[in-house]
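Please treat every number below as a calculation from the coordinates, not as lab data. Here the structure is a predicted model, which means the values were calculated and not measured. In this analysis, Cβ positions are derived from the backbone assuming ideal geometry, glycine residues included, and neighbour counts consider all displayed protein chains.
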Amino acid sequence: MEKIELTCIGCPMGCAIRVTMEGGTVIEITGNTCNRGAEYAKKEVTNPTRIVTSSVRVCGSKTGAVTVSCKTRTDVPKGKMFEVVKGLKNVSVAAPVRIGDVIQHNAAGTGVDIIATKSVE
């Protein structure tokens with residue numbers, strides 16, 4: 001049996017969670033004070049995902065901005081994070097950019113779009 005210690009990020013409590021696994025299967029989850037903790041722990045040990053944040057170049061900004069912040073619309077597999085960021089290296093968008101605009105569709109083949117998190121004129 002394998003025991004994995006996690007600090008939950010599902011809510012502000014930050015519970016110390018212990019996951020017991022056997023043969024890749026979750027046997028027991030303890031330490032969580034809410035259901036979100038159990039859901040987070042199970043996902044984290046079986047299929048970890050992350051939101052990726054970055055920035056891309058902006059062309060033609062009236063305010064002189066040269067970049068706009070962006071993020072994945074939803075979480076992506078943890079193993080694809082660096083591929084997502086690498087795919088943004090040569091991306092540039094024309095101003096104006098609005099919060100929520102799609103910067104890139106299907107980042108790194110994940111099916112998840114990259115969206116702007118700031119407006120740039």
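Potential lengthening of the chain between Thr67 and Thr30 amounts to 8.9 nm, from the contour at 0.36 nm per residue minus the alpha-carbon distance.
Using R0 = 22 Å, the C-beta based FRET efficiency linking Lys43 and Ser92 works out to 0.05. Relative contact order, whole percent, for the chain stands at 19, derived from Cα pairs under 8 Å and 6 or more residues apart. Which residues in region 45-67 place their backbone N less than 14 Å from a point set 7 Å from the Cα of Asn106 along the Cα-to-Cβ direction? None, by backbone N distance to the label point. For the chain, the gyration tensor built on C-alpha atoms gives a prolate shape. Its axis ratio a/c (a ≥ b ≥ c) is at least 1.5, and a/b is the larger of a/b and b/c. Can you give me the relative contact order of region 53-116 as a percent, contacts being Cα pairs under 8 Å and 6 or more apart? It comes to 38 percent, rounded to a whole number. List, in the order given, every pair from Lys42/Lys80; Lys43/Lys89; Lys43/Lys71; Lys42/Lys118 whose Cα-Cα distance in the structure shown is over 24 Å. Violating the 24 Å Cα-Cα cut-off are Lys43/Lys89; Lys42/Lys118. Angle of helix 35-46 to the longest C-alpha principal axis of the chain, folded into 0 to 90 degrees and rounded to 10: 80°. For the chain, the share of DSSP beta bridges that are antiparallel, to the nearest 5, is 90%.
For the chain, adding -39500 (n - 2.57) for each run of n ≥ 4 DSSP H residues and dividing by the number of residues yields -4500 deg cm²/dmol at 222 nm. Here the dipole of the chain is about 440 debye; that uses its Cα centre as origin and unit charges on the Cβ of Lys and Arg (positive) and Asp and Glu (negative).
Among the trypsin sites (Lys or Arg not before Pro) in region 51-95, those located in a DSSP loop and surrounded by at most 11 other Cβ atoms within 10 Å of their own Cβ are Lys62, Lys89. Computed from label points 7 Å out along Cα-Cβ, the spacing between Ile51 and Glu83 is 2.3 nm.
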